[in-house]
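Undergrad: Shown below is the structure under consideration.
Coordinate-derived values only; no laboratory data. All values derive from a computational prediction rather than experimental measurement. Reconstructed Cβ throughout: ideal geometry from the backbone, glycine too, with neighbour counts over all protein chains shown.
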Amino acid sequence: MNNQLLKTSEAAQLLGVSKAFLERDRWAGVRVPFIKVGSRAVRYRVSDLNDYINKQVRFSTSQKGTS
């Protein structure tokens, strides 16, 4: 399991989304898991990001997600 920690910008690049998407996600309800380091630093585990990606797999555009 890869427990490397990424900054928000690095996680956004891996997911192919904007940094703002991840910032809004944290504020709105957290679909993408993150870790708080200290009082301000936010990091993302590569293993959590890979799990998130795998949970997004769909076989139809009308299929609803479970996450």
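Undergrad: Helix by helix through the chain, keep the DSSP H runs that span 20 Å or more along the axis on Cα and average at least 1.0 on Kyte-Doolittle, and give those back in order. Could the numbers behind the result be given before it?
TA: Working: long enough: none.
Flagged H segments: there are none.
Undergrad: Here is a further query. How about Lys55: which aspartates and glutamates have a C-alpha closer than 19 Å to its C-alpha, ignoring those fewer than 8 places off in the same chain?
TA: Asp25
Undergrad: In addition: Kirkwood hydrodynamic radius, computed over distinct alpha-carbon pairs, for the chain: how many Å, to one decimal?
TA: Values: mean 1/r = 0.0790 Å⁻¹.
With all distinct Cα pairs of the chain included, I get 12.7 Å.
Undergrad: So what is the relative contact order for the chain, in percent, with contacts set as C-alpha pairs under 8 Å and at least six apart? Present the calculation step by step, with values, prior to reporting the outcome.
TA: Working: 66 pairs, mean separation 23.3, N = 67.
Relative contact order for the chain comes out at 35 percent.
Undergrad: Tell me which chymotrypsin sites (Phe, Trp or Tyr not before Pro) from region 4-67 have a DSSP coil assignment and no more than 10 other beta carbons within 10 Å of their own. Don't jump to the answer; show the numbers that get you there.
TA: Numbers: sites: Phe21, Trp27, Phe34, Tyr44, Tyr52, Phe59; in loops: Phe34, Phe59.
For chymotrypsin sites (Phe, Trp or Tyr not before Pro) across region 4-67 that sit outside H, G, I, E and B with at most 10 neighbouring Cβ atoms in 10 Å, the list reads Phe59.
Undergrad: If you take the beta carbon distance between Ile35 and Gln56 as r and set R0 to 25 Å, what does 1/(1 + (r/R0)^6) give as a FRET efficiency, to the nearest 0.05? All intermediate terms of the calculation are to be shown ahead of the outcome.
TA: Values: r = 20 Å, r/R0 = 0.81.
E(calc), rounded to 0.05, equals 0.80.
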